[in-house]
């Protein structure tokens, strides 16, 4: 047996310091409320919801698992989490922080939880479970709340509660989920003997010869013809047909009325979000785009099931087209074919760049094929060879700090004075702790090495005489899988792209979850991330979709640069000062895109 449910949700007017949202996944429903004086309540809440949605890809089958999910979501700023999960015919309910859960059964109301805790019990057809945040509880009185759910299904009750919240002076942080059990379906397997006789007749007809099929059909028609000659049978059949027709017409009309009501409810909410997003575009483009994306996401499921033949369907399709058009204009998506910026063959015949680093207006380029390191000024595109020779055929990565470049070789790291082109050998010697070092960055004068084999980020602190012994950047209790990392960028936090479409961020040695928001279409698999303390944004090379996506450092989408040509970039650096995105292409040349 398993539960079929109808779910309605309500969210009040959120602010930057007091935010709430509902949670609706294939297996978990609930509400979350966040309070943050710094104005990042939404960011905190979306991080929690993102982790929950990722966890809920696997169905929850026990109260213990639901408790663990809620416990994992509690962090500083999260005021309340209330969750419900149906498993079979059992309902599991959990509250962490504050919040309240009510149950309506057979017209009677009961308060299941009014404090942190958990409970489970058998669900019945017609049961309505109401989960509300603490702010919703204080905004709407208990008597008002109970009055809303008198003889109303989940969707209508949610709509009525939404109107009630909109009429309140202060509804920030209010969220509610209405979970109604509409059916309980048996899941017992069908016995083979119950279907085999019927299947046998059908199979015999299907596999019969054409003339045998004709004879069979004629025989059935003749039998029914004889029966219909009897006046009583004819009248009975006519009445039966009329009865069935009237029942089907009634069901269709009732279903149509219910569908139209649901469509109207969704359309009203989507229209509000769309208008809000359009109004915000001039004042706050980031927030405006976020609201437009929300409107499109909420309307998409409805757009997929309606038809232009109905009035409601035409309204849905028209509103969807308006939102899509507004979002296209708001997305700041520029089609920009990259142009050749620099070819290392101008410095050394056959030069092929395999690694690049940038600081201010100076780039350092590594060329393992020609055993050389070059420096390049962005202002005049003037370049020079600054190091090279024996051992540089193993050149794996370069980094730059001030006027000093660094080259990662098989036996250690060399320091290169870019002004006088002198080299200090092995300022950092190869360590027995190293596995496979795939990237190197200099930040604050210190060196950071990405070790994808050992799952470590090694750190060497700059001293007056060189560098310290090897240290670990990541905290001992932080053991991420770095085997799919594509590179390393640092702006105070450490940023990594991956080959499975993720962006990882670590702050002070601990993982600091980063959730991109508003990216359309979604990221592909192969991501390379660039940022630094001298740029304001995050730049993501999405080679699968032939674009560079620009995010702010809270994860909000800002713009994207798309190309259609065949270039295949493997890395990037960005100079916001010079207004350039520079792409290292697979053939070893540098291509550029102008920032808008």
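The values are calculated or read from the model by the stated rules, or taken from the named source; none is laboratory data. What you see is a predicted model; the values in this text were computed from it and never measured. Please note: Cβ atoms are built from the backbone with ideal geometry, for glycine as well, and neighbour counts cover all protein chains shown.
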**Failed item, numbered, when residue 380 is tested on (1) assigned to a loop (DSSP other than H, G, I, E, B); (2) without any contact (Cβ under 8 Å) to a residue 12 or more places away in the chain; (3) over 30 Å from residue 559 (Cβ atoms)** = (3)
**Request:** Kindly check whether there is at least one residue in segment 81-102 that is under 25 Å from residue 554 (Cα atoms) and in a strand (DSSP E or B).
**Result:** yes
**Request:** Kindly indicate whether any position in segment 421-429 is crowded, with 20+ Cβ neighbours inside 10 Å and in contact with a strand residue (DSSP E or B) (Cβ under 9 Å, 6 or more places away or on another chain).
**Result:** yes
**Message:** Of all residues being surrounded by fewer than 15 Cβ atoms within 10 Å (Cβ to Cβ) and at pLDDT below 85 in segment 311-331, which is farthest from residue 549 (Cα to Cα)? Just the residue, please.
**Reply:** 311
**Message:** Just to verify a result, which residue in segment 25-48, among those that are modelled with pLDDT under 85 and out of contact with any helix residue (DSSP H, G or I) (no Cβ under 8 Å at 6 or more places or on another chain), is nearest to residue 101 (Cα to Cα)?
**Reply:** 27
**Prompt:** Somewhere in segment 39-53, is a residue under 22 Å from the mean Cα position of the chain (by Cα) and farther than 22 Å from residue 555 by Cα?
**Reply:** no
**Prompt:** For residue 533, are the conditions met, namely being in contact (Cβ under 8 Å) with a residue 40 or more places away in the chain and within 21 Å of residue 573 (Cα to Cα)?
**Reply:** yes
**Prompt:** Restricting attention to segment 563-574, does a residue exist that is buried (at least 20 other Cβ atoms within 10 Å of the Cβ) and closer than 22 Å to residue 289 by Cβ?
**Reply:** yes
**Prompt:** Taking segment 103-123 on its own, how many of its residues are part of a loop (DSSP other than H, G, I, E, B), without any contact (Cβ under 8 Å) to a residue 60 or more places away in the chain and in contact with a strand residue (DSSP E or B) (Cβ under 8 Å, 6 or more places away or on another chain)?
**Reply:** 3
**Prompt:** Which one of the conditions (1) touching a strand residue (DSSP E or B) at 6+ places or on another chain (Cβ under 9 Å); (2) surrounded by fewer than 17 Cβ atoms within 10 Å (Cβ to Cβ); (3) under 28 Å from residue 52 (Cβ atoms) does residue 506 fail to meet, given that it meets all the rest?
**Reply:** (2)
**Message:** With the structure loaded, tell me whether residue 60 is buried (at least 16 other Cβ atoms within 10 Å of the Cβ), assigned by TED's automatic domain parsing to the domain that holds residue 167, in a loop (DSSP other than H, G, I, E, B) and touching a strand residue (DSSP E or B) at 6+ places or on another chain (Cβ under 9 Å) or whether it fails that test.
**Reply:** yes
**Asked** Out of all the residues in segment 509-536, which are buried (at least 17 other Cβ atoms within 10 Å of the Cβ) and out of contact with any helix residue (DSSP H, G or I) (no Cβ under 6 Å at 6 or more places or on another chain)?
**Response** 514, 516, 517, 519, 523, 527, 528, 529, 530, 531, 532, 535
**Message:** Checking the structure you have, find out if any residue of segment 15-22 is surrounded by 20 or more Cβ atoms within 10 Å (Cβ to Cβ), more than 21 Å from residue 277 (Cβ to Cβ) and in the same structural domain as residue 169 (by TED's automatic domain parsing).
**Reply:** no
**Item:** Test for residue 37: is it outside any helix (DSSP H, G or I), in contact with a strand residue (DSSP E or B) (Cβ under 6 Å, 6 or more places away or on another chain) and in contact (Cβ under 8 Å) with a residue 12 or more places away in the chain
**Value:** no
**Item:** Odd one out for residue 307 among (1) touching a helix residue (DSSP H, G or I) at 6+ places or on another chain (Cβ under 9 Å); (2) in a helix (DSSP H, G or I); (3) surrounded by fewer than 14 Cβ atoms within 10 Å (Cβ to Cβ); (4) modelled with pLDDT under 85
**Value:** (2)
